[in-house]
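First the structure, in the form of structure tokens, and then the observations on it.
The values are calculated or read from the model by the stated rules, or taken from the named source; none is laboratory data. Owing to the predicted nature of the structure, the values given are computational and were not obtained by experimental measurement. In this analysis, Cβ positions are derived from the backbone assuming ideal geometry, glycine residues included, and neighbour counts consider all displayed protein chains. In case anyone asks, the SASA skips ligands and DNA or RNA and just uses the protein heavy atoms, side chains included. Shrake-Rupley method; radii C 1.70, N 1.55, O 1.52, S 1.80 Å.
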Amino acid sequence: MKTDIVAIASDHAGFELKEKLKEEISKLGLKAEDLGTKGSESVDYPDYAEALVKWMRLHSGGRGVLICGSGIGMSIAANRHKGIRAALVHNGIEAELARKHNNANVLCLGARTTNNLSAKEALKTFLNTAFEGGRHEKRVEKLG
């Protein structure tokens, strides 16, 4: 089941970018489900990746966005969970390939490594690109 809601979460380093991307999600006619953090005070990124994973379990076919300083921590934390395919990307091309070839369901971004324009492009591409299936299907199935 596809949903018009996109879950989004960040740690303190990703807070400002998260706020900007929530606006972009709205501009695309979707609703952003903000799972935190609520400010720039230091927090632990695994807690917010966990919150997004729990949300994804309740929303079959849902999509999520995770943001931390580099995007690496969030992608590692999210990918520990079965059924989560979190892709760390830096631009629209990587976001397109993550969706088309890997059926990524979580977009990970680094607030310190990706400028706002590239992050917005990656988000828009991620949300508007479908999985190709075909030869990629059996590979994605092996991921679990």
Review point. Kirkwood Rh, Cα Rg: Rg to Rh for region 99-144?
Key: 1.07
Review point. Roughly speaking, to the nearest percent, how much of the chain's 1.4 Å accessible area is carbon and sulfur?
Key: 50
Review point. For region 21-70, what size does the Cα cloud have along each of its three principal axes, sorted from largest down, in whole Å?
Key: 31, 24, 19
Check your understanding: Pairs Lys38/Lys82; Lys22/Lys124; Lys18/Lys38; Lys38/Lys100: which are spaced more than 21 Å apart, C-alpha to C-alpha?
Key -> Lys38/Lys82; Lys38/Lys100
Review point. Which residue, Leu17, Leu117, Leu97, tops the fluctuation ranking in a GNM of the chain built on C-alpha contacts under 10 Å?
Key: Leu117
**Study point:** 222 nm mean residue ellipticity, helices alone, for the chain (DSSP H n ≥ 4; -39,500 (n - 2.57); rounded to 500)
**Key:** -14000 deg cm²/dmol
Exercise for review: Using a 1.4 angstrom probe, figure out how much accessible area region 31-71 has per residue, in square angstrom, rounded to the nearest whole.
Suggested key: 49
Revision key, fill the gap. Computed about the Cα centre, the charge dipole of region 7-60 from +1 Lys/Arg and -1 Asp/Glu charges at the Cβ has a magnitude in debye, to the nearest 20, of 300
Exercise for review: At 0.36 nm per residue, minus the direct Cα-Cα distance, what do Glu137 and Glu23 gain on full extension? Give it in nm, one decimal, please.
Suggested key: 37.8 nm
Check your understanding: Once Lys and Arg get +1 and Asp and Glu get -1 on their Cβ, which of Ile84, Leu35, Tyr45 lies farthest toward the positive end of the dipole of the chain?
Key -> Ile84
Study note, to complete from the structure: A correct Kirkwood calculation over the Cα atoms of the chain returns a hydrodynamic radius in Å of 14.6
Study note, to complete from the structure: Taking a crude spin-label model, label points 7 Å out from Cα along the C-beta direction, the Asn116 to Leu97 distance in nm is 2.8
Point to revise | Ranked packing of 30-37, 132-139, most packed first, by mean Cβ within 10 Å | key: 30-37, 132-139
Exercise for review: Determine the order of Glu141, Glu94 by accessible area, beginning with the largest, at a probe radius of 1.4 Å.
Suggested key: Glu141, Glu94
Practice item. Enumerate the residues in region 43-62 having an amide nitrogen under 17 Å from the point lying 7 Å beyond the Cα of Ala130 toward its Cβ. Key: 61-62
